[in-house]
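Undergrad: The structure follows.
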Amino acid sequence: LVLLVVIIIAPFLFKDKLIQLVKEEANKSLNAKVDFGDFDLTLFSSFPDFRFKIQNVSVINVEPFAGDTLAYIKQLSFDLDIKSVIAGDKYKINSIIINEPHIQATISHDGKASWDIAKATVDTAKTEAPSDTTATKFAMTLKTLKINHANIVYNDIQGNTYAKLTDMNYTMGGDFTQDVFTLSNLLEIAETTVSYGGVGYLTKAKLHVKADVNMDMPNMKFTFKENEFDVN
């Protein structure tokens, strides 16, 4: 009974604080206009982690791509370590789920990239600034990353390169808190179109890639264990 009460009440206690933190992090870190829809925090579907959901996330470019939508995500979810949320120091992100993202990545005629929106950090060694204002309140202890039903367009005007990925699904699994672990990757794309210099290399091709990689982080040694690659 006590556990059930905690599961019901805890999200209400921390929801407003997490919403404020997400908005602050976005404004602090990105040189773009970021808008959010509804926020939700629950323990029911992800216990013992908190699941923090954000609906209708959009990232709108400023100059030199003013008004262009860099990204729109129907739903963005984070699973947060419950102890880190209660402590309130560093919020540990255990998993990320991105549902139905639409990405429009562009390189202009003069080589500027539309996704280059990160604000410059303060070099405290060369300035008298008291602290790095871009320090984040979130820490990655990632074990799962999922991207569901993504549509991505890459348009390099300068390099005359174009790529379009339709209905892309990607799952990554691995415990990055460990020194040695297996990183699993599964990528499936319903339609892949790629052209370079006006020549089409792939047209609505179906892509399937599976790769398991042994990650030896202390020695920076990465070994492929199992691989599948199919293009139709």
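Only the coordinates and a few stated rules stand behind these numbers; no lab work does. No experiment lies behind these values; they were computed from the predicted model shown. We place every Cβ from the backbone using ideal geometry, glycine too, and count neighbours over all the protein chains shown.
Undergrad: What ³J(HN,Hα) values, in whole Hz, does the Karplus curve 6.51 cos²θ - 1.76 cosθ + 1.60 give for region 197-204 when θ = phi - 60°, with x put for Gly and Pro?
TA: x, x, 9, x, 9, 9, 10, 6
Undergrad: For a 20 Å ceiling on Cα separation, which of these pairs sit above it: LYS143/LYS206; LYS119/LYS164; LYS23/LYS90; LYS33/LYS90?
TA: Details: LYS143/LYS206 27 Å; LYS119/LYS164 28 Å; LYS23/LYS90 16 Å; LYS33/LYS90 25 Å.
The answer is LYS143/LYS206; LYS119/LYS164; LYS33/LYS90.
Undergrad: Measure off 7 Å from each Cα along the Cα-to-Cβ vector at ASP179 and LYS225, then give the distance between these two points in nanometres to one decimal.
TA: 1.8
Undergrad: Assuming R0 = 35 Å, can you tell me the calculated FRET efficiency for the pair TYR162 and ALA87, based on Cβ-Cβ distance, to the nearest 0.05? The partial results should precede the final answer.
TA: Numbers: r = 47 Å, r/R0 = 1.34.
My answer for the efficiency is 0.15.
Undergrad: What is the distance in Å between the Cα centroid of region 171-205 and that of region 72-91?
TA: 26
Undergrad: Residue-wise, which Karplus ³J(HN,Hα) couplings in Hz belong to region 95-108, taking 6.51 cos²θ - 1.76 cosθ + 1.60, θ = phi - 60°, and x for glycine or proline?
TA: Computed from phi, the couplings for region 95-108 are 8, 10, 10, 10, 9, 6, x, 10, 10, 10, 9, 10, 10, 6 Hz.
Undergrad: Can you give me the distance in nm between label points at GLU100 and LYS74, each placed 7 Å from the Cα along the Cα-to-Cβ direction?
TA: 0.3
Undergrad: Can you work out ³J(HN,Hα) from phi for every residue in region 61-74, in order, using Karplus 6.51 cos²θ - 1.76 cosθ + 1.60 and θ = phi - 60°, giving whole Hz and x for Gly and Pro?
TA: For region 61-74, the Karplus-derived couplings read 5, 9, 4, x, 10, 3, x, 6, 8, 6, 8, 9, 10, 5 Hz, x marking Gly and Pro.
Undergrad: Can you tell which of ALA32, ILE60, THR42 lies farthest toward the positive end of the dipole of region 16-72, using +1 and -1 charges on the Cβ of basic and acidic side chains (Lys, Arg; Asp, Glu)?
TA: THR42
Undergrad: Run the quick spin-label model on ALA205 and LYS23: label points 7 Å from Cα toward the beta carbon, then report their separation in nm to one decimal.
TA: 4.6
Undergrad: Stretch LEU30-LYS119 to full length: gain in nm at 0.36 nm per residue minus the Cα-Cα span?
TA: Working: separation 89, 0.36 × 89 = 32.04 nm, distance 0.55 nm.
Full extension from LEU30 to LYS119 adds 31.5 nm.
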